[in-house]
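Trainee: I'd like to ask you about the structure that follows.
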Amino acid sequence: MRILSGIQPSGSLHLGNYFGMMQRAISWQEKGEAIYFIADYHALTSLQDPSSLRRNVLEVARAFLACGLDPDRATLFRQSDVPWVVELAWLLSCCTPVGLLERCHSYKDKIARGLPASHALFSYPVLMAADILLYQAEMVPVGKDQKQHLEITRDIAAKFNQRFGPVFRIPEPDIQPDVAVVPGIDGQKMSKSYGNTVEIFADPEEITTRVMAIKTDSTPVEAPKPVEGSILASLYKLVSSPEEYQEWVASMRRGGIGYATYKKELAAKILGYFAPIRERYRQLGEKPSYVEEVLAQGAERARKLARPTLEMARRAAGLD
Ligand code: ADP
Ligand code: TRP
């Protein structure tokens, strides 16, 4: 089984990225041929500051390694180290109806948030399809917000195959229902662009401050607290054992404890959960050349995997 996913180097890793994508992606390395990349071409649609882009790419690579990616089992590379993906995106563009892209929620959301409506932003899903199809991925672990992009990838692959012959495998999304959407401190989807994140590599004080700012209702201390829809409970569930979560829920239902106490407990739990990952991240910070080496080795492997598919697609389309 070949598993592939990508993440944009557009900011620091938060709980939503970790539980929605990274943890799941890394757990796949035990079960199949895992391929992960840092989507720097995609990031250019919204991040146009070269030194931040360079820095963020290395930071995401370091985060992947800290979270447990094993470079001997999985391939980790920088998207732009395999520029063939852009050529494939062009071939796929020729089989992509504009209507398909016009329906994209992610594009509409980004425009609504004020990003300039560039051609790259509009064709973002075609490049994403190329990422997936170039490596003949079968399984793509992502958060729920990427579901539509996966559907578009499947559509484009089917159209290309229909017109030019069976070149591409049709990939499946892998979306874990219980952590499909991790809420941010304001209750919306946790996202860098909403400024509502809890970053897993921030200072402990910063993490605690963010958790203390989680939105709660005005239930008095002595009264039972609603669990359904509670941001605190949703986040606690991610970082605790099932027994601890049961206890927490029972305590909320009993009442008698104020939200501040729950928040402190959650902050401590988050720090405990991520302690080993944060320590590895710190250590990797002292070995930047190791991180570069992993990316270089990953790029070499990725190019080997990509080349036969690109050649097949070119030949099928008559470009040989
Ligand atoms: P952001 O919304 O912060 O910009 P990205 O779009 O870079 O995050 O997402 C990277 C990966 O993390 C994607 O697979 C995405 O589905 C997942 N992800 C991001 N935010 C969440 C969230 N709040 N809940 C679940 N998964 C998420
Ligand atoms: N669009 C994805 C995101 O914002 C990142 C991404 C780019 C990706 N190419 C991909 C994810 C291919 C999975 C497969 O999170």
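Trainee: Quick check: net charge around Leu305, other residues with Cβ under 11 Å of its Cβ, Lys/Arg +1 and Asp/Glu -1?
Mentor: Numbers: positive: Arg2, Arg301, Arg303, Lys304, Arg307; negative: Glu33, Glu300.
Result for the neighbourhood of Leu305: +3.
Trainee: Would you kindly calculate the mean projected area, averaged across all directions, of the convex hull enclosing the Cα atoms of the chain, in square nanometres? Display every interim value, and only then the final one.
Mentor: Numbers: hull surface 68.1 nm².
That works out to 17.0 nm², a quarter of the Cα hull's surface.
Trainee: Note down the nm distance, to one decimal, between modelled labels 7 Å out along Cα→Cβ at Tyr194 and at Leu100.
Mentor: Modelled inter-label distance: 2.9 nm.
Trainee: Based on the Cβ-Cβ distance of Ala268 and Asp203, what FRET efficiency does E = 1/(1 + (r/R0)^6) give at R0 = 22 Å, to the nearest 0.05? Intermediate results must be reported in sequence, preceding the final value.
Mentor: Values: r = 15 Å, r/R0 = 0.67.
E(calc), rounded to 0.05, equals 0.90.
Trainee: Label points 7 Å out from Cα along the Cβ direction at Ser52 and Gln148: separation in nm?
Mentor: Using points 7 Å along Cα→Cβ, the separation is 2.5 nm.
Trainee: Between Trp90, Ile175, Leu121, whose Cα lies farthest towards the positive end of the dipole of the chain when Lys and Arg beta carbons carry +1 and Asp and Glu beta carbons carry -1, centred on the Cα centre?
Mentor: Highest projection toward the positive end goes to Trp90.
Trainee: Show that you can apply the helix-only estimate: for the chain, add -39,500 (n - 2.57) for every DSSP H stretch of four or more residues, divide by all residues, and state [θ] at 222 nm to the nearest 500.
Mentor: Details: 13 runs with 171 residues, N = 320.
When only DSSP H runs of four or more count, the value is -17000 deg cm²/dmol.
Trainee: Also, quick follow-up: Under 15 Å from the Cβ of Leu47, count the other residues' Cβ atoms, weight Lys and Arg +1, Asp and Glu -1, and hand me the total.
Mentor: Numbers: positive: Arg54, Arg55, Arg78, Lys110, Arg113, Lys192; negative: Asp40, Asp49, Glu59.
Local charge sum for Leu47: +3.
Trainee: Which one, Phe64, Phe164, Phe37, has the greatest fluctuation when you compute a Gaussian network model over the chain with C-alpha springs under 10 angstrom?
Mentor: Phe164
Trainee: In vacuo Debye scattering of segment 63-137, one point per C-alpha: log10 I(q)/I(0) at q = 0.11, 0.16 Å⁻¹?
Mentor: Log10 of I(q)/I(0), two decimals: -0.39, -0.73.
Trainee: For segment 281-296, what does the Karplus curve 6.51 cos²θ - 1.76 cosθ + 1.60, with θ = phi - 60°, yield as ³J(HN,Hα) per residue in whole Hz, taken in order and with x for Gly and Pro?
Mentor: Karplus-based 3J(HN,Hα) across segment 281-296 equals 4, 4, 4, 5, x, 8, 10, x, 6, 5, 4, 4, 5, 4, 5, 5 Hz.
Trainee: Specify which residue in the list Phe64, Tyr194, Ala313 is farthest towards the positive end of the charge dipole of the chain, using unit charges on the beta carbon of Lys, Arg (+1) and Asp, Glu (-1), about the Cα centre.
Mentor: About the Cα centre, the residue reaching furthest to the positive side is Ala313.
Trainee: What number does segment 202-282 give for Rg over Rh if you use C-alpha atoms and the Kirkwood radius?
Mentor: Details: Rg = 13.2 Å, Rh = 13.2 Å.
Here the Rg-to-Rh quotient is 1.00.
Trainee: Extension gain Glu30-Lys159, at 0.36 nm per residue separation less the Cα-Cα distance, in nm? Don't skip to the answer; put the middle values down first.
Mentor: Working: separation 129, 0.36 × 129 = 46.44 nm, distance 3.28 nm.
Full extension from Glu30 to Lys159 adds 43.2 nm.
Trainee: Can you give me the P(r) profile for segment 126-255? Cα pairs, bins 10 angstrom wide beginning at 0, each as a whole percent.
Mentor: 11, 29, 26, 18, 12, 5, 1
Trainee: At a 1.4 Å probe, what is the % contribution of carbon and sulfur to the accessible area of the chain? All intermediate terms of the calculation are to be shown ahead of the outcome.
Mentor: Details: 7750 of 14920 Å².
C and S fraction of accessible area: 52 percent.
Trainee: What is the distance in Å between the Cα centroid of segment 61-82 and that of segment 1-19?
Mentor: A separation of 11 Å, based on Cα centres.
Trainee: Can you grab the distance from the C-alpha centre of segment 205-232 to the C-alpha centre of segment 123-186, Å, no decimals?
Mentor: When both Cα centres are located, 35 Å separates them.
Trainee: In Å², what does the accessible area per residue of the chain work out to with a 1.4 Å probe? Could the numbers behind the result be given before it?
Mentor: Values: 14920 Å² over 320 residues.
I get 47 Å² per residue for the chain.
The values are calculated or read from the model by the stated rules, or taken from the named source; none is laboratory data. Please read these numbers as outputs of a predicted model, since none were measured by experiment. Note: ideal-geometry Cβ built from the backbone for every residue, glycine included; neighbour counts use all protein chains shown. The accessibility values were calculated without ligands, DNA or RNA, using every heavy atom of the protein model including side chains. Shrake-Rupley method; radii C 1.70, N 1.55, O 1.52, S 1.80 Å.
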